[in-house]
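Student: Please read through the structure below; I'll follow up with questions.
The values are calculated or read from the model by the stated rules, or taken from the named source; none is laboratory data. Keep in mind that what you see is a predicted model, and the values were worked out from it rather than measured. Virtual Cβ from ideal backbone geometry, glycine too; neighbours counted across all protein chains shown. Quick note on the areas: whole protein, heavy atoms, side chains included, nothing else; ligands and nucleic acids left out. Shrake-Rupley method; radii C 1.70, N 1.55, O 1.52, S 1.80 Å.
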Amino acid sequence: MEMKKLGFGTMRLPLCDAEDATSVNLDAVCEMVDAYLEQGFCYFDTAYMYHKYVSEVMVRKALVERYPRERFLLADKLPLSHLKEKEDMPRIFDEQLEKCGVEYFDYYLLHNMSRAYYEVAERLDAFSFAAQKKAEGKIKRLGFSFHADAELLEVILQKHPEVEFVQLQLNYLDWESPYIQSRKCYEVCRKYGKEVIVMEPVKGGTLANVPEEAEKLLKDYAPEQSVASWAIRYAASLDGVIMVLSGMSDLAQMKDNLSYMKDFQPLKKEELALIGKVTEILNSSIAVGCTGCRYCVEGCPKQIAIPEYFALYNQYKQYGGKSNATGYYPNYTAKHGKAADCIGCKKCEKICPQHLPIAELMKDVSAVFDGQ
């Protein structure tokens, strides 16, 4: 199946209740699926934990039950974070097939590969499990999503040549990041001839809502193009990138992405130079590089709304007294723990794909919003 380079990520689907990640608006998702397929796109990406374990079900209801199997490609992921023993793998895999309502996955990934989870994958022989499922025809193409450093990525690709592709966090803001190492990881993939699927091209929405100075640069050059379009086109322009995932949350975002990705045009040299200037502005204005993936939330013993607090903190730091962040903070503390309630257990840090020092950052957040 010919693939246009925009993938439909299902980690940030539209909700009926903003406070309940399971309250996915099925009607809205169906409308988005229809618009996406109608324009000739075909790649859908889900995962076991997305939307508190209901994303796969939404994919079945909005896509699988409404379209013939040959109309789409479906990617799912084995949650390394949920594996305790070998028996967990076939149990979860079969559950995923059932929840999605399919007999096979076109793309299947070992999910959230970090140093800690690579040890889990090796201890439980997860690569061999996935390879066996591929031999059975249950998986068409095998890969993994990666959240660590380039050195570990090279170790994995040396040891596991059976891997066909790697899913990387790749965007222009993280390209030279010493923590995310987008460029270095991308170069390792190309060194080993692996195709790349891009996640977080807009960095959880950060690159769709840039400071006014940066937005003016982009709009002066191309008034008709959205700010987000620059980030997605940047990722899609790289050699070896076969798919760029976008976690579209409403039909408007969907239509915007479809408008420039239907007949994709790579960035020109002068456009890349402009992105370089935008990157400099962003690096001086963003306090916390959180993407809002919410992996940190589930295990927090104090039920702290970590991503929401980081978003408010970034807003406060960027706009200062003009921000209404301090007014929104009590809305979250009414149902969640305050930033000051953090006990420093660092469970969140072990699973954070951005490798953020969350416990220390909570002290900074608390100093602003709790007066600590």
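Student: Can you list the aspartates and glutamates whose alpha carbon is less than 16 Å from that of K302, not counting same-chain residues fewer than 8 positions off?
Tutor: D341, E349, E360, D370
Student: Report ³J(HN,Hα) in whole Hz for each residue of the range 159-172, in order, from the Karplus equation J = 6.51 cos²θ - 1.76 cosθ + 1.60 where θ = phi - 60°; Gly and Pro get x.
Tutor: Whole-Hz 3J(HN,Hα) from phi for the range 159-172: 7, 10, x, 5, 5, 9, 7, 10, 9, 10, 6, 9, 7, 5.
Student: For R141, what residues show an amide H to amide H distance below 5 Å, using hydrogens built from the backbone and excluding near sequence neighbours?
Tutor: Distant-sequence amide H within range of R141: Y107, Y108.
Student: Taking only protein heavy atoms into account and a 1.4 Å probe, give the accessible area per residue of the chain in Å².
Tutor: Numbers: 16540 Å² over 372 residues.
So the chain comes to 44 Å² accessible per residue, rounded to a whole number.
Student: Next question, about the same structure. Between R115, R66, R233, which gets the highest mean-square fluctuation from a Gaussian network model of the chain, Cα cutoff 10 Å?
Tutor: Maximum among the listed residues: R66.
Student: Then there is this: May I ask you to order 73-79, 12-18 by the average number of other C-beta atoms within 10 Å around their residues, highest value first?
Tutor: On the way: 73-79: 23.6, 12-18: 16.1.
So the peptides 73-79, 12-18, ranked by packing, come out 73-79, 12-18.
Student: Next question. Enter the accessible area of T333 (Å², nearest 10), with the probe set to 1.4 Å and all protein chains included.
Tutor: That residue has around 40 Å² of solvent-accessible surface.
Student: Relative contact order for the range 60-179: what is it in percent, counting Cα pairs under 8 Å that are at least 6 residues apart?
Tutor: So the answer I get is 24 percent.
Student: Two decimals is fine: what is log10 I(q)/I(0) at q = 0.15, 0.22 Å⁻¹ for the range 50-114, from a Debye sum with one equal scatterer on every Cα and no solvent?
Tutor: For the requested q values the scattering log ratios are -0.47, -0.96.
Student: Are any of the pairs K5/K255; K133/K347; K5/K191; K138/K159; K159/K191 more than 20 Å apart by Cα-Cα distance, and if so, which?
Tutor: Numbers: K5/K255 15 Å; K133/K347 32 Å; K5/K191 22 Å; K138/K159 23 Å; K159/K191 14 Å.
Table pairs above 20 Å Cα-Cα are K133/K347; K5/K191; K138/K159.
Student: With θ taken as phi - 60° and the coefficients 6.51, -1.76 and 1.60, list the Karplus ³J(HN,Hα) couplings across the range 358-365 in order, rounded to whole Hz; mark glycine and proline as x.
Tutor: For the range 358-365, the Karplus curve yields 4, 4, 5, 5, 4, 5, 5, 5 Hz.
Student: Would you please name the trypsin sites (Lys or Arg not before Pro) within the range 264-372 that are DSSP coil residues with at most 16 other C-beta atoms within 10 Å of their C-beta? Let's see the in-between values first.
Tutor: Values: sites: K268, K269, K277, R294, K302, K317, K322, K335, K338, K346, K347, K350, K363; in loops: K268, R294, K302, K335, K338, K346.
The qualifying sites are K268, K302, K335, K346.
Student: How big is the accessible area of V227 in square angstrom, nearest 10, if you roll a 1.4 angstrom probe over the protein chains?
Tutor: V227 has an accessible surface of roughly 10 Å² with all protein chains in place.
Student: While we're looking at this one, here's another question. Provide W175, W230 ordered by accessible surface of protein heavy atoms (probe 1.4 Å), highest first. Spell out each step's value before the answer.
Tutor: Working: W175 45, W230 5 Å².
From most accessible down to least: W175, W230.
Student: Can you show me the helix-derived [θ] at 222 nm for the chain, built from DSSP H runs with n ≥ 4 at -39,500 (n - 2.57) apiece and divided by the number of residues, rounded to the nearest 500.
Tutor: Numbers: 16 runs with 160 residues, N = 372.
-12500 deg cm²/dmol, from helical runs alone.
Student: Give the residue from P14, P307, S182 lying farthest towards the positive end of the charge dipole for the chain; charges sit on Cβ (+1 for Lys and Arg, -1 for Asp and Glu) and the dipole is referred to the Cα centre.
Tutor: S182
Student: Right, another one. Among residues other than C100 whose Cβ falls under 9 Å from its Cβ, what is the net charge (Lys/Arg +1, Asp/Glu -1)?
Tutor: Details: positive: R60, K99; negative: E56, D76, E98.
Around C100, the surrounding residues sum to -1.
Student: Calculate what fraction, in whole %, of the accessible area of the chain sits on carbon and sulfur atoms when a 1.4 Å probe is rolled over the protein chains.
Tutor: Carbon with sulfur: 48 percent of the solvent-accessible area.
Student: According to the square roots a ≥ b ≥ c of the eigenvalues of the Cα gyration tensor, what is the shape class of the chain, taking rounded for a/c under 1.5, prolate for a/b larger than b/c otherwise, and oblate for the remainder?
Tutor: Numbers: a/c = 1.39, a/b = 1.19, b/c = 1.17.
Rounded shape, in that the Cα axes give a/c under 1.5.
Student: Further question on the same structure: Over every pair of different alpha-carbon atoms in the range 281-372, take the mean of 1/r and invert it; report that Kirkwood radius in Å.
Tutor: Numbers: mean 1/r = 0.0757 Å⁻¹.
Mean inverse Cα-Cα distance, inverted, gives 13.2 Å.
Student: Could you list, by residue number, the cysteines of the chain that have no other cysteine's beta carbon within less than 4.7 Å of their beta carbon?
Tutor: Here C16, C30, C42, C100, C185, C189, C290, C293, C300, C342, C345, C352 come out as lacking a disulfide-compatible partner, given the Cβ-Cβ threshold of under 4.7 Å.
Student: Would you mind calculating the relative contact order of the range 248-361 from Cα pairs under 8 angstrom and at least 6 residues apart, reporting the percent as a whole number?
Tutor: Details: 87 pairs, mean separation 27.7, N = 114.
So the answer I get is 24 percent.
Student: Also: If you average the sequence gap of Cα pairs under 8 Å that are 6 or more apart and divide by the length of the chain, what percent do you get for the contact order? The partial results should precede the final answer.
Tutor: Numbers: 597 pairs, mean separation 53.8, N = 372.
About 14 percent, as a whole number.
Student: Which residues' amide hydrogens lie under 5 Å from the amide hydrogen of I286, considering only partners 5 or more residues apart or on another chain, with H built in the peptide plane?
Tutor: For I286, no residues qualify.
Student: If you count only protein heavy atoms and use a 1.4 Å probe, how large is the accessible surface of T206, to the nearest 10 Å²?
Tutor: Per-residue accessible area (T206): approximately 30 Å².
Student: Whose amide H sits under 5 Å from the amide H of L15, counting only residues 5 or more places off or on another chain, with H placed in the peptide plane?
Tutor: Here the answer is N25, since their amide H atoms fall under 5 Å of that of L15.
Student: Still on this structure, I have one more. Ordered by residue, what ³J(HN,Hα) values in Hz, to whole numbers, does the range 141-147 give under the Karplus form 6.51 cos²θ - 1.76 cosθ + 1.60, where θ = phi - 60° and Gly and Pro are x?
Tutor: With coefficients 6.51, -1.76 and 1.60, one gets 9, 10, x, 8, 9, 10, 9 Hz.
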